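First the structure, in the form of structure tokens, and then the observations on it.
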Amino acid sequence: MQGAGNDFVLLDGVTHDLSGIDFAAVSGRLLDRHFSIGGDQLLVLLSSGAKKQKRFRMRIFNADGGEVQMCGNGIRCLARYIWDRNMAAEGEKLEIDTQAGIIIPEGRQGGLVRVDMGAPRLEGREMPVRPGGKTIEGRVIDYPLTVDGALFKLTCVSMGNPHAAVFVEDVHRFPVGRYGPMIETDPIFPERTNVEFIQVVGPEEIRMRVWERGSGETLACGTGASAGVVASALKGLTSRSVNVVLAGGTLHVEWAPDGCVYMSGPAEEVFEGRIVLA
């Protein structure tokens, strides 16, 4: 499945028995674009175990086997899969358990899926950000970080997973592949971080490239788009309702008056198949 070019291998553990599978071990194999299916991340759909109907669970794995808390494009794809397989009525609100909490996607006209991403976490301890081993208390806005001789000003936001936003003049020409992994693994981020490189076009539009923790540069990132809009609004560079233009397509993100972030974008199935995991 793919959402704005962010592509996923989805394993259905609701209608198929996936017990005994070590998802962390097989993720690298499944996500290899040369020797297997290929994708940015592995999604695993499971029953939540809760008695309440229409509640599911999602696990997310990177190619390096690391399990991550949340993926905005991934959860839209998961919701689309659930509706298309008649596990819930088309467009019905769902409750999906993730490591970042319960996320509620709902359908929109034109095949779009809207997701309540929850409220952003803005305290340095919630990323966490720990320069010199000491956690930053309060908001992290324009924190100076020198990487390979270049000075960056980082604005950090957690959407259930850590993000560091960097604002640049020309995002298309910026060497994301050089600086992305250096910022991701800098010692100030003990759990590593996703990195958003953002060019502000206007008060209602930004262009963005994303270096995802454990995956590298991807065509889109839902939590990254959400964090990017929050960071842009915090710095007064945009409004709180913004179109985020990524290499794989456009997402709309609103940091609403209720404090939650709502993200809308496409999600579609590319193909279905079977693979032997033994």
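Coordinate-derived values only; no laboratory data. Here the structure is a predicted model, which is why all the values come from computation and not from measurement. For neighbour counting, all protein chains shown are included, and Cβ atoms are generated from backbone atoms with ideal geometry for every residue, glycine included.
Residue by residue, here is whether (1) free of Cβ contacts under 8 Å to residues at least 24 places away in the same chain; (2) over 25 Å from Leu10 (Cβ atoms); (3) of a type in the set (Ser, Thr, Tyr) holds:
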{"residue": "Gln199", "(1), (2), (3)": "no, yes, no"}
{"residue": "Arg207", "(1), (2), (3)": "no, yes, no"}
{"residue": "Gly214", "(1), (2), (3)": "no, no, no"}
{"residue": "Thr218", "(1), (2), (3)": "no, no, yes"}
{"residue": "Gly224", "(1), (2), (3)": "no, no, no"}
{"residue": "Ser241", "(1), (2), (3)": "no, yes, yes"}
{"residue": "Tyr262", "(1), (2), (3)": "no, no, yes"}
{"residue": "Pro266", "(1), (2), (3)": "no, no, no"}
{"residue": "Phe271", "(1), (2), (3)": "yes, no, no"}
- Note on the structure: The lone condition Gly224 fails out of (1) buried (at least 24 other Cβ atoms within 10 Å of the Cβ); (2) assigned to a strand (DSSP E or B) is (2)
- Test result for Arg108, over 15 Å from Gly160 (Cβ atoms) and either out of contact with any strand residue (DSSP E or B) (no Cβ under 6 Å at 6 or more places or on another chain) or touching a residue at least 40 places away in the same chain (Cβ under 8 Å) (or both): yes
- Query: Which of the residues that make up the stretch 233-254 are in contact with a Phe, Trp or Tyr (Cβ under 8 Å, 6 or more places away or on another chain) and surrounded by 24 or more Cβ atoms within 10 Å (Cβ to Cβ)?
  - Reply: Val253
- Those residues of the stretch 72-94 which are within 17 Å of Gly265 (Cβ to Cβ), among the small types (Gly, Ala, Ser) and without any contact (Cβ under 8 Å) to a residue 40 or more places away in the chain amount to Gly91
- Please find, among Glu254, Glu217, the residue that is among the acidic types (Asp, Glu), farther than 16 Å from Val171 by Cβ and in a strand (DSSP E or B). Glu254
